[in-house]
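Written out below as structure tokens is the structure these notes cover.
The values are calculated or read from the model by the stated rules, or taken from the named source; none is laboratory data. Only a predicted model underlies this, so the values are computations on that prediction, with no experimental measurement involved. So basically every Cβ, Gly included, is an ideal-geometry build from the backbone, and we count neighbours across all protein chains shown. For the accessible areas, the whole protein counts, side chains as well, though only heavy atoms, and no ligand, DNA or RNA atoms are used. Shrake-Rupley method; radii C 1.70, N 1.55, O 1.52, S 1.80 Å.
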Amino acid sequence: MKYESVKAAAERLGVTVRAVQKWAAEGKIHGAQKAGRDWLIPADCPDPRGKGLNNSSAPKQEGFVFRQALPLLSGKFLPGKSLEYINSLEDEDDRNIALGEYYYYTGNPEKASEILEPYLISDVPALKYSAELYCVFINIALGRTHLAKFSLSRLYKQLKEGFDNPNHPIKEHAIGVLTAHALNALLHIDIHEAPPLEEYMRYLGGGMKLWGCYVLAYRAYQEKKYEVALAISNMALALVPEEFPIPVIYCRLVEVMALLGLMRAGEAKEHFLKLWNYVEADGFYEVVSEHYTELMGIVDTLFKKSDAESYAKIMKGVKVFGMNWIKLHNAISQREVADNLSSTEFTVAMLYNRGWSAQEISSHLDISENTVRSYIKTIYIKLGINDKKSLAQYMLK
């Protein structure tokens, strides 16, 4: 039998070295041999993540809903009490998944990856699903585009298995539908066909229902139906009787984005300051970093001069996430979103493409009109275009 190093196996399987070591130690890689402090991995071993997905001996209650998927995102807790909530979860695996979510949202993707990757081969669908979903975004944040693509393909495979299974419980099916629509919206792609999310919203509970409203609002925003996006977000936040901090942040972000689409910049800033209380309470800066480009200057105008510490925390995520997800988008879509512009240049380009005049951009970003025009000239040069009409093909929808 031919063997390979743990590092080589990790590269072949598309995971971290630690994940391979853990799987080998747990006997999940058949034929793995311990050699001193290292492991020798069979060069032809199959991907352990292919095991157990249809294991009939798994407990019947194990699934997306019965074992709470995304326990932190869907969890109910007071702002600032996320760690207390995580520690209150009775099941160790649920605590681990929630802690991985926490590290991702607080800007520590390395730690999130360390906790979540071992669950990529879990026999429990909810655990595997949660790990696979977050690993898409963790790998984007870490600049590992090839691994993000790998995680995305694995997740789509799992979702398809659920969609094609006539015995799939309706609540689990609803989670799968929500996930497919969420990925299409968040990554600005449309590569996974799924049933209409609206038909499954009633089967979602608590925080997941609110996150579903965010996805619907985000889709309306991308279709430039800004009033609809604003209405969905407003209604969702008004009707949900309990507080779910992470989905609340997501919904309020769409409010801000929709208001900017309507060119109501003053209101957008007021709404952002409302959601900022939720972000700051638990340090969930990564959620804002994910949406930085579509916040079109809000972060810069509110924090760059007045709150350098908060600005630095958000921009840390932007630098490692912002352009990396565009690279992933470009690798799997038929559109080439610009990835050679600075964050400010991209903001100016987005505003200009949305119909803002140089004067309006100047007022919104608190810079001179000449500076705005200079940015536009630089943007044209970098993109190799000569007019505003050509700019649209390089911008987000």
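Okay, here's what the table says:
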item: Condition check for residue 71: within 26 Å of residue 326 (Cα to Cα) and surrounded by 20 or more Cβ atoms within 10 Å (Cβ to Cβ); result: no
item: Residue within segment 156-173 that is under 24 Å from residue 284 (Cβ atoms) and in contact (Cβ under 8 Å) with a residue 40 or more places away in the chain present; result: no
item: Residue ranges of helices (runs of 4 or more DSSP H) in segment 191-291 with at least 1 members open to solvent by less than 30 Å² (accessible area, probe 1.4 Å) and farther than 22 Å from residue 141 by Cβ; result: 206-222, 226-239, 245-261, 265-282
item: Residue list for segment 103-120, restricted to those being touching a residue at least 40 places away in the same chain (Cβ under 8 Å) and open to solvent by 40 Å² or more (accessible area, probe 1.4 Å); result: 106, 114
item: Residue that is most open to solvent (accessible area, probe 1.4 Å), among those in segment 132-156 that are among the small types (Gly, Ala, Ser) and in contact with a helix residue (DSSP H, G or I) (Cβ under 8 Å, 6 or more places away or on another chain); result: 143
item: Candidate set: segment 24-54, residues that are assigned to a helix (DSSP H, G or I) and at pLDDT 85 or above; chosen: the one surrounded by the fewest Cβ atoms within 10 Å (Cβ to Cβ); result: 25
item: Selection within segment 1-22 - hydroxyl-bearing (Ser, Thr, Tyr) and either open to solvent by less than 10 Å² (accessible area, probe 1.4 Å) or under 19 Å from residue 151 (Cβ atoms) (or both); result: 16
